[in-house]
Amino acid sequence: MARANILSKANYSAKVGEELGVSDWITVDQARIDAFAECTGDHQFIHVDPDKAKLTPFGTTIAHGYLTLSLLSAMAYDAMPGIEGTKMGVNYGLNKVRFMAPVKSGKRIRGRFKLVDLTERQPGTLQSTVEVSVEIDGETKPALIAEWVTLAYV
């Protein structure tokens, strides 16, 4: 997967208030859900037992909310521009996260990213605050919305 594009610090800063990009679709299939359950120890039946999950209002297994959230990095790398000269980037946190709709097994999701703030915390450290909406293919309600904060060391 290649980075969407690279912008100078000034050009990236000029994007505050604008959509930075939309990622490609990612399929959230049962194998991915099961692997996440193994990694986290969260084996709740609505995620890993298709027979029991059929009896729920969802009618099928659904992805863990934190699985959907964990895919933000991959979606961002696909959709968002990088900042020229960045040596590394790290997650700093989330100001808010809301899980709006379940991601049913087999559905595709993608991220839509809008830069809401860029601050130079100290020379060489840029803090980006990005509004993220994770869309579910064919559905009107997003899987999640979040305000994501990252640091870029330039």
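Derivation of every value follows stated rules applied to the coordinates shown; laboratory data play no part. Not measured: the values here are computed from a predicted model. All Cβ positions, glycine included, derive from the backbone under ideal geometry; neighbour counts span all protein chains shown.
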From Cα pairs below 8 angstrom and at least 6 apart in sequence, can you work out the relative contact order of the chain, rounded to a whole percent? 30 percent
Tilt, helix 30-40 to longest principal axis of the chain (alpha-carbon atoms), in degrees rounded to tens, equals 70 degrees
If amide hydrogens are placed 1.01 Å from N in the peptide plane, which non-local residues have theirs closer than 5 Å to the one on LEU20? PHE113, LYS114, LEU115
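Between LYS54 and VAL16, what is 0.36 nm times their sequence separation minus the Cα-Cα distance? Round to one decimal in nm.
9.3 nm
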Greater than 18 Å separation of Cα atoms is the criterion. Which listed pairs, LYS15/LYS141; LYS9/LYS96; LYS54/LYS141; LYS87/LYS114; LYS9/LYS87; LYS54/LYS104, meet it? LYS15/LYS141; LYS9/LYS96; LYS54/LYS141; LYS87/LYS114
For segment 9-103, which chymotrypsin sites (Phe, Trp or Tyr not before Pro) are in a loop by DSSP, counting at most 16 other Cβ atoms within 10 Å? TRP25, PHE58
Which is the longest stretch in the chain that no exposed loop site breaks, taking sites as GluC sites (Glu not before Pro) with a DSSP loop state and at most 16 other Cβ atoms within 10 Å? 19-83
Relative pair counts by distance (%), Cα atoms of the chain, 5 Å bins: 2, 9, 18, 20, 17, 12, 9, 7, 3, 2, 0, 0
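Subtracting the Cα-Cα distance from 0.36 nm times the residue separation, let me have the gained length for ASP29 to ARG108 in nm, one decimal.
My answer for the length gained is 27.6 nm.
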Anyone know which of GLN127, GLN30, GLN44 comes out most mobile in the 10 Å Cα GNM of the chain? GLN44
Of the candidates ASP137, ASP117, ASP42, which one comes out as most mobile in a Gaussian network treatment of the chain with C-alpha springs shorter than 10 Å? ASP42
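Give, in nm to one decimal, the length gained when the segment between VAL116 and GLN44 is fully stretched (0.36 nm per residue of separation minus the Cα-Cα distance). Intermediate results must be reported in sequence, preceding the final value.
Values: separation 72, 0.36 × 72 = 25.92 nm, distance 3.55 nm.
Extra length available between VAL116 and GLN44 comes to 22.4 nm.
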